[in-house]
Amino acid sequence: MSKTYYDPADLRKFGKITEWSEDIGNKFFDYYGKVFEEGALTAREKSLIALAVAHTEQCPYCIDAYTKDGLQRGVTKEEMMEAIHVGAAIKSGATLVHGVQMMNKVNKLDG
């Protein structure tokens, strides 16, 4: 198997980000833990959101982590794919709506 830039084994090293900045790293993990606690959204719903965002952000570590997490929470592959399509639709829509900025600039320069 060929080595890739993103080593899947690096995901297990995520907790080590506190080594060079312990205070801030710990605050991040406290926040991260709080975000994923059950609340108005279930842990399962949050896992699906995280998976969709992982794809729009193109983070291979997050994709691996939240695919596994979702499966452990009973998320089906169909639900995962639908969530990814929702993320893709929002990402592409956000890209296209910024076309209005270009149109405004062209109209201003042509004006």
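A single member of Y32, Y61 is of a type in the set (S, T, Y) and touching a residue at least 12 places away in the same chain (Cβ under 8 Å), and it is Y61. For segment 14-29, the tally of residues that are surrounded by 10 or more Cβ atoms within 10 Å (Cβ to Cβ) and modelled with pLDDT of 90 or more stands at 10. Looking only at segment 30-60, residues that are among the hydroxyl-bearing types (S, T, Y) and surrounded by 15 or more Cβ atoms within 10 Å (Cβ to Cβ) come to 2 in all. Taking first residues from segment 69-80 that are closer than 20 Å to L11 by Cα and partners that are at pLDDT 95 or above, the Cβ contacts under 6 Å between residues at least 6 apart in sequence or on separate chains come to D69/S47; G70/S47; G70/L51; G70/M80; R73/R44; R73/S47.
Pairing residues of segment 81-102 that are surrounded by 12 or more Cβ atoms within 10 Å (Cβ to Cβ) with residues that are assigned to a helix (DSSP H, G or I) and among the β-branched types (V, I, T), at Cβ distances under 6 Å and at least 6 apart in sequence or on separate chains, gives G87/T56; K91/T56.
Restricting segment 1-60 to residues that are among the small types (G, A, S), part of a loop (DSSP other than H, G, I, E, B) and over 27 Å from A83 (Cβ atoms), the residue that is nearest to the chain's Cα centre (by Cα) is S21.
May I ask you to verify whether A94 is among the hydrophobic types (A, V, I, L, M, F, W, C) and in a loop (DSSP other than H, G, I, E, B)?
Working: among the hydrophobic types (A, V, I, L, M, F, W, C): yes; in a loop (DSSP other than H, G, I, E, B): no.
Criteria not met by A94.
Taking segment 61-78, which residues are surrounded by 15 or more Cβ atoms within 10 Å (Cβ to Cβ) and part of a helix (DSSP H, G or I)? Walk me through how you get there before you give the answer.
Filtering segment 61-78 down to residues surrounded by 15 or more Cβ atoms within 10 Å (Cβ to Cβ) leaves 61-63, 65-67, 69-70, 73, 75.
The answer is Y61, C62, I63, A65, Y66, T67, D69, G70.
The values are calculated or read from the model by the stated rules, or taken from the named source; none is laboratory data. Please read these numbers as outputs of a predicted model, since none were measured by experiment. Every residue, glycine as well, gets a Cβ built from its backbone with ideal geometry; the counts of neighbours run over all protein chains shown.
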